[in-house]
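**Student:** Sending over a structure as structure tokens; questions will come in a sec.
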Amino acid sequence: MQPDIGALPAPHKASGIPLAWRKPLVALALAAFALVTVTAQSWGAMFHQWWNIDTYNHLLLVPFIAIWLVALKEDDLATMTPQAFWPGLVLVALGLGIWRTGEAIGVNLLAQAGAVAALQAAVITVLGLRVSLFLALPLVYASFLVPFGDEIIPPLQAITAAIAITLTQASGVPAQIEGIYIDTPAGLFIVAEACSGVKFLIAMVTLAVLVCFTRFERWSRRVAFLIACIIVPILANGVRAWATIYVAQYIGAERATGFDHIVYGWIFFALIVAALLGAAWRFFEREPEAYGWRAETIAGWSLVTRTERLGFAPTTAGIAIVALAAIAALTALL
């Protein structure tokens with residue numbers, strides 16, 4: 001008697017890590033461990049900023065966002081075979097060189113950028129050019145792990161002060177400005193670093209890049225949304241500063257400042273984010289899982305097929321990166 005094929009349950013999708021990915025992932029984990037160990041001081045400094053400085057608290061989400069972006073492509077990745085790319089070793093060495101230079105001259109931003117770049121280059125080296133191009137968005141998005149923005153605080157303070165004094169005088173409140181100090185009948189206000197809006201701006205840019213490349217296809221819309229996510233927070237922060245000064249004329253500077261911290265920290269930011277996303281919603285062109293280049297498109301690029309001839313075993317690539325990391329560690333100790 002023949003079994004009734006139609007009555008049998010459908011076969012389950014193969015679970016676990018595909019065989020072709022196991023050795024490459026082990027090699028990548030080995031390489032990542034070596035690189036993070038060598039550049040541990042920079043990674044420790046970055047984590048300290050993510051955890052303890054509220055300007056960079058949102059960066060704690062970046063690793064999870066990158067993982068989510070990779071997970072969206074899980075089915076497509078299962079059909080691909082990683083092939084290590086030896087020219088990536090040059091990029092790893094370059095990243096370690098930038099890290100070592102930053103450490104030597106005491107520039108944390110440079111050292112941290114080099115540490116992250118070396119890890120990104122390790123992915124390219126071990127998994128290959130084809131897979132790296134397919135995962136270009138999460139790979140590049142990892143650059144946001146580097147805390148940046150302190151350099152733009154002074155100009156942001158100046159812009160915020162200029163907007164605040166203009167609106168304050170326009171609203172009938174007599175005020176004088178000197179640099180970032182605004183003198184009013186209710187007291188002297190200073191546009192401090194915390195009031196510059198840098199936290200708001202950096203978080204918005206980080207979000208904007210994610211939205212641009214997961215929801216838009218046309219570059220014109222990407223550029224427009226990114227510009228909006230830069231200009232609107234700056235202007236909104238100036239309005240917030242003015243509102244604090246204006247309210248202080250009636251309830252006192254101390255109460256107005258306390259109210260400002262609550263509103264700005266929990267409500268104001270959320271309203272601006274909601275407004276920007278709401279305005280862009282009708283222009284979204286695709287679902288997040290459709291981001292990036294298609295695997296078939298990348299396979300058709302002659303540059304990819306040519307460079308893949310330079311490839312070698314992923315485990316060899318991982319060992320080579322570990323060797324580079326060991327050399328970098330020895331150099332740092334000398």
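Rule-based calculations on the coordinates, nothing more; no lab input. Computed from a predicted model, the values in this text were never measured in an experiment. Note that each Cβ is placed from the backbone with ideal geometry, even for glycine, and that neighbours are counted across all protein chains shown.
**Student:** Could you work out the relative contact order of the chain? I mean the mean sequence separation of Cα pairs under 8 Å and 6+ apart, divided by the number of residues, in percent.
**Tutor:** 25
**Student:** Quick one: check the C-alpha center-to-center distance for segment 94-112 versus segment 126-170, whole angstrom.
**Tutor:** So the separation of the two Cα centres works out to 20 Å.
**Student:** Using unit Cβ charges (K, R positive; D, E negative) and no other charged atoms, how large, in debye to the nearest 20, is the dipole of segment 151-288 about its Cα centre?
**Tutor:** With only Lys, Arg, Asp and Glu charged at Cβ, the dipole is about 580 debye.
**Student:** If amide H atoms are built 1.01 Å from N in the plane of the peptide, which residues on other chains or at least 5 residues away come under 5 Å of the amide H of Phe189?
**Tutor:** Result for Phe189 returns Ile182, Asp183, Thr184.
**Student:** Considering the values (i) 18.4; (ii) 16.7; (iii) 24.4, which represents mean projected area of the Cα convex hull in nm² as calculated for the structure under consideration?
**Tutor:** So the structure-derived entry is (iii).
**Student:** Just to be sure I follow the definition: excluding the sites themselves, where is the longest run in the chain that has none of the trypsin sites (Lys or Arg not before Pro) in a DSSP loop with at most 15 other Cβ atoms within 10 Å?
**Tutor:** The segment 14-217 is the longest one with no such site.
**Student:** Where does segment 151-288 land on Rg/Rh, using Cα atoms and the Kirkwood Rh?
**Tutor:** On the Cα set of segment 151-288, Rg over Rh gives 1.05.
**Student:** Find me the longest stretch of the chain that has none of the exposed GluC sites (Glu not before Pro), where exposed means in a DSSP loop (not H, G, I, E or B) with at most 15 other Cβ atoms within 10 Å.
**Tutor:** Segment 1-216 is the longest.
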